[in-house]
């Protein structure tokens, strides 16, 4: 006679358990790398691939995401972006996240993807692009670039995107910071993900040329628009969309 043993479902990770996991994954070597890129205490120094391991255990937990971001711990804030539910984010919460994103890994790789999949993507992208603060400008351009990567062209104001390509050309060499990096990437995204704008992006990319950005004590480089777009075309990837982030 077979005996069946009931296994209760695993309990989701709570705030304290997440911080225990972050501390375990942290290392001094990673902290050194992140400091060179602009991270500041408090943070444990967790690699992105390890943050994604924690994400797989949590999946989506919006309330936990809000608590983790509010902690001020950089690792926890980045993880918050991975487990957040963009459709549940209010405009005020997104603005607060953007204001508190003190270095580019948070503003461009946490806040921007979440915002791009939210109901406030375009209005905040447009607002941040014109902000006075560099990290908000970078978040704005990157939010727009993310939006282009997954949204159908039929839902995109392509005339406005073309205007922004021209605006990026006008402004990109006026800065040497992350805003310039984000503008450069926006032109690449427009040409890559919106097939009708490929030629425009390629032409503007030729006019822009190399973009100089102060990358601090890192070996990171700014991708050149024209070579990048030509590689995309050679791989027959122009106009191919990606998966909606955190959708």
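The values are calculated or read from the model by the stated rules, or taken from the named source; none is laboratory data. Computed from a predicted structure; not experimentally measured. All Cβ positions, even for glycine, are placed from backbone atoms using ideal geometry, and neighbour counts span all protein chains on display.
The rows are residues; the columns are (1) part of a loop (DSSP other than H, G, I, E, B); (2) more than 18 Å from residue 220 (Cβ to Cβ); (3) in contact with a strand residue (DSSP E or B) (Cβ under 7 Å, 6 or more places away or on another chain); (4) touching a residue at least 40 places away in the same chain (Cβ under 8 Å).
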{"site": "32", "(1), (2), (3), (4)": "no, no, no, no"}
{"site": "35", "(1), (2), (3), (4)": "no, no, no, no"}
{"site": "44", "(1), (2), (3), (4)": "yes, yes, no, no"}
{"site": "50", "(1), (2), (3), (4)": "no, yes, no, no"}
{"site": "57", "(1), (2), (3), (4)": "no, yes, no, yes"}
{"site": "60", "(1), (2), (3), (4)": "yes, yes, no, yes"}
{"site": "63", "(1), (2), (3), (4)": "no, yes, no, no"}
{"site": "66", "(1), (2), (3), (4)": "no, yes, no, no"}
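If you go through region 217-225 one residue at a time, do you hit one that is outside any helix (DSSP H, G or I) and at positive phi? The answer is no; no qualifying residue exists.
Free of Cβ contacts under 8 Å to residues at least 60 places away in the same chain and within 30 Å of residue 30 (Cβ to Cβ): is that true of residue 179 in this structure? Against the criterion (free of Cβ contacts under 8 Å to residues at least 60 places away in the same chain and within 30 Å of residue 30 (Cβ to Cβ)), residue 179 qualifies. Residue 90: outside the structural domain of residue 225 (by TED's automatic domain parsing), within 25 Å of residue 61 (Cα to Cα) and modelled with pLDDT of 95 or more, yes or no? Judged against the criteria, residue 90 is a match.
Residue by residue, here is whether (1) surrounded by fewer than 17 Cβ atoms within 10 Å (Cβ to Cβ); (2) in contact with a helix residue (DSSP H, G or I) (Cβ under 6 Å, 6 or more places away or on another chain); (3) farther than 15 Å from residue 142 by Cβ holds:
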| position | (1), (2), (3) |
| --- | --- |
| 67 | yes, yes, yes |
| 78 | no, yes, no |
| 86 | no, yes, no |
| 90 | yes, no, yes |
| 96 | yes, no, yes |
| 101 | no, yes, no |
| 107 | no, yes, no |
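Any idea which of (1) touching a residue at least 60 places away in the same chain (Cβ under 8 Å); (2) assigned to a helix (DSSP H, G or I); (3) not assigned by TED's automatic domain parsing to the domain that holds residue 24 is the one residue 98 doesn't satisfy? Residue 98 satisfies every listed condition except (1).
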